[in-house]
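Data first, discussion second: the structure below is written as C-alpha cells.
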Amino acid sequence: MKEKLIIQGGETLEGKLEIAGAKNSALPLIAATLLTDEEVSLENVPRLDDVQTMLEMVRELGKDVTSTGPNTVKITGSVSSNQAPSELVRKMRASFLVLAPLVGRTGRAEVPLPGGCNIGTRPVNLHLEGLEKLGVDITQDDGRIIARADNLGANDIFLDYPSVGATEQLLMAGVSAPGTTKIYNGAQEPEIRDLARFLTELGADLSLEGSILTINGGNGFGRGKYEVLSDRIAAGTYMLAGVATGGRVKVESVDPSSIKPLSLKLSKAGVKVEETEHSVQVESQGRPDNLEIITLPFPGFPTDLQAPITSLLTLAKGKSVVKETVFDSRFGHVAELSKMGADISVTDSNTVFIEGKKSLRGTEVEATDIRAGAALVIAGLAGEGRTEVSGMKHLDRGYSQLQVHLESLGATIKRVSKNE
Ligand code: EPZ
C-alpha cells in the first residue's frame with residue numbers, strides 16, 4: 001500500500017536520539033558472511049528494507065538467516081547456489097557486492113549487472129577491472145556477469161576513483177586471493193574500516209593506511225560476532241532537521257569523527273556544535289549563514305548529505321552554492337524544493353545555486369531517492385503549513401522509523417496511506 005508522510009511544519013525540534021546501525025555498513029557485512037560457513041552474529045543491524053533485501057539475497061544463496069533480537073541476526077551455513085537472483089539485484093544495486101565473496105568461496109558466480117538509479121548511471125567497471133587483476137575471469141552474458149576464480153591470485157590494484165563499492169568488492173576478493181594484494185586509491189569511508197574490521201574478525205589478515213589497503217589473502221574464515229557501526233548519514237540527517245527547525249538535537253552512539261565534515265560546516269554557518277566521545281549536539285542560533293558545499297569522497301563532505309543540507313541552505317542568509325562531484329545526477333530534490341518556494345536552481349555542471357529565504361511553504365512533494373526524500377522531510381519540518389511527502393519506498397530503504405524518531409523530537413508528523 002502506497003503511503004505518505006504528512007508534516008505540519010513550524011515545530012522546533014528538541015531532544016536526543018540514539019542512532020541505529022549504518023545501512024551502508026550492514027549491507028557489505030552481510031554480503032561478506034558468504035565467505036565463511038561458520039556462524040556469524042551481527043549486532044546493531046538497522047531495520048531497513050535494503051537490509052531485508054540483502055538478508056534475502058544470502059538466504060537465496062544458501063545461508064541460514066535467523067533474527068535473534070530486534071537488531072541482531074545470526075547467519076550460518078554453506079553457500080548452495082552461486083547464481084544471484086536478478087529481481088534482488090534489480091531491487092537493490094548493493095546486492096552486486098555478493099560477487100566477490102561468492103566467486104572467492106565457490107570459484108564461480110553469476111550476478112546480474114546492477115542498473116542505474118535516480119542518482120546516476122553508476123557503472124561497475126572499477127569492480128570488474130579490479131577482479132580481473134586478481135585473476136577472476138569475467139564474461140558477460142545477457143546482462144549477467146559470469147565470474148570464475150580458477151586463477152585467483154594477489155596483485156596490486158589502482159582504483160581510478162576511490163569507489164566505495166569497488167573498494168568493498170575488492171577487499172572481499174583480496175582476502176580469498178593467495179598472496180599480498182594492495183589496493184591503491186581505495187575509499188576511506190568509515191564503512192570501509194568497518195568491513196575491514198569484520199573480515200579481520202573472521203580471520204582475514206589485512207591493514208589500512210589511508211587510501212592504501214594491504215591484504216594477505218588465502219586464509220580460511222571462521223566464526224565471528226560483530227557490531228555494525230552507527231549510521232553517520234542518519235545522524236547528519238537528524239542534526240540538519242534540528243538546525244533547520246531552529247532547535248537543539250543531540251545524536252548519540254555516534255563517532256563524531258565520522259560526521260566531522262557536516263559538524264564543521266554547521267559551525268561555519270553559525271550553529272553551536274558540541275561533541276563528546278559518542279555524541280554530537282547541534283543547537284540553532286537563528287537563521288544559518290550561507291555556505292559553499294562540494295561533495296567529495298571521505299573525508300570530504302558526504303554526497304549522501306548533499307540533498308539534506310541543501311534544504312537547510314534554502315533558509316540560510318544569502319547565497320549558497322552546492323556542487324555535487326560524486327554522482328552525475330543527484331538533484332531530484334531541487335524541483336520539489338522549488339515547489340515549496342525555495343529560490344534554487346541547478347546548472348549543467350552539477351552545481352546548485354540557492355538564494356536563502358526566510359521561509360518555505362508546505363505543499364505536496366515527491367521523494368525520488370533516499371536522500372532527496374530526507375531533504376524534503378527536513379524542508380517540510382522547517383516550512384510553514386502542511387507538507388505531504390510521497391515516495392515512502394525510498395525513505396524506508398534508508399531510514400528506520402523516521403517519523404517515530406522525529407515525533408520524539410517534537411515534530412507533528414504522521415504516516416498515512418497515500419489516498420488519505
Ligand atoms: C556507496 O555507493 C553508498 N551505497 C552510497 O549511498 C554513497 O552515496 C556512495 O557509496 C558514495 O559515498 C552503499 O554503500 C550501499 P561509489 P557506491 O562506487 O558504492 C562511480 C545512499 O544514499 N563509479 O563510491 O555505488 C559511480 O558512478 C547511497 O545510502 C564508477 O564509475 O558508490 C559514482 O559516480 C546512495 N565505476 C562514483 O563512482 C565503478 O565501478 C561513486 O560511486 C564504481 C563507481
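The values are calculated or read from the model by the stated rules, or taken from the named source; none is laboratory data. Here the structure is a predicted model, which means the values were calculated and not measured. As a convention, Cβ positions derive from the backbone with ideal geometry for all residues, glycine included, and neighbour counts pool all protein chains shown.
Condition check for Thr351 on (1) touching a Lys or Arg at 6+ places or on another chain (Cβ under 6 Å); (2) over 18 Å from Leu296 (Cα atoms): one failure, at (2). When Ser329, Ser311 are checked against the criterion of being assigned by TED's automatic domain parsing to the domain that holds Ala269 and at pLDDT 95 or above, a single residue qualifies: Ser311. Scanning the range 184-208 for residues that are within 13 Å of the ligand (Cβ to nearest atom) and either part of a strand (DSSP E or B) or of a type in the set (Asp, Glu) (or both) gives Glu189, Glu191, Asp194.
Looking across the range 294-317, just one residue is part of a strand (DSSP E or B) and more than 15 Å from the ligand (Cβ to nearest atom), and that is Lys317. The single condition from (1) in contact with a helix residue (DSSP H, G or I) (Cβ under 8 Å, 6 or more places away or on another chain); (2) within 14 Å of the ligand (Cβ to nearest atom); (3) closer than 27 Å to Thr214 by Cα that Leu152 fails is (2). Taking the conditions exactly as written (in a strand (DSSP E or B), crowded, with 20+ Cβ neighbours inside 10 Å and not aromatic (Phe, Trp, Tyr)), does Val322 satisfy them or not? Judged against the criteria, Val322 is a match.
Go through (1) crowded, with 19+ Cβ neighbours inside 10 Å; (2) closer than 30 Å to Leu313 by Cβ and name the single condition Lys260 misses. Result: Lys260 fails condition (1) only. The requirement of being assigned to a loop (DSSP other than H, G, I, E, B) and at pLDDT 95 or above is satisfied by Lys357.
When the residues of the range 115-132 are narrowed to those that are part of a loop (DSSP other than H, G, I, E, B) and within 8 Å of the ligand (Cβ to nearest atom), which ends up surrounded by the most Cβ atoms within 10 Å (Cβ to Cβ)? Here the answer is Ile119.
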